[in-house]
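All remarks here apply to the structure that follows.
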Amino acid sequence: MLAANRRMGLLGDGRVAKRSASEIRINEAWCKRCGICVAFCPRDVLAEGEGGIPRVVDLRACTFCVLCVLRCPDFAVEVVEDKEVASRDVTAATHAG
Ligand code: SF4
Ligand code: SF4
């Protein structure tokens, strides 16, 4: 159900995301455990994990805003866009005229 909701772009609060992530990768070799990405994520997708390395706690809440990528001083965050959600939104916009 959660995976299905994510594919459809449904957020936990009932809103429909226009963009979403299929995966968030943290490069542990580059991460200096500053917690900036956790602090700036507006959707609480990330949390401090073992040893201070961020971990993904709620991928389906991600709106692909990429703030975590932009704020990371060490280029250690990569967010992979969920193409299914993005293409569904383009399709909906096309049909809406
Ligand atoms: S892309 Fe935005 S919503 Fe997703 S984890 Fe990064 S800061 Fe949070
Ligand atoms: S902002 Fe970058 S360096 Fe800091 S905890 Fe997040 S991934 Fe690690």
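The values are calculated or read from the model by the stated rules, or taken from the named source; none is laboratory data. Just so it is clear, the model here is predicted, and its values are computed rather than measured. We place every Cβ from the backbone using ideal geometry, glycine too, and count neighbours over all the protein chains shown.
Of the residues R60, R33, R25, the single one that is in contact (Cβ under 8 Å) with a residue 40 or more places away in the chain and outside any helix (DSSP H, G or I) is R25.
A count restricted to the range 8-22 and to residues that are crowded, with 17+ Cβ neighbours inside 10 Å, at pLDDT below 95 and part of a strand (DSSP E or B) stands at 1.
Scan the range 16-41 for residues that are charged (D, E, K, R) and over 15 Å from P73 (Cβ atoms) and jot them down. Steps first, please.
Of the residues in the range 16-41, the ones charged (D, E, K, R) are 18-19, 23, 25, 28, 32-33.
If the condition is that a residue be charged (D, E, K, R) and over 15 Å from P73 (Cβ atoms), then K18, R19, E23, R25, E28 are the ones that fit.
Conditions tested, residue by residue: (1) within 15 Å of K18 (Cβ to Cβ); (2) at pLDDT below 95.
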| position | (1), (2) |
| --- | --- |
| T63 | yes, no |
| R71 | no, no |
| A76 | no, no |
| K83 | yes, yes |
| D89 | yes, yes |
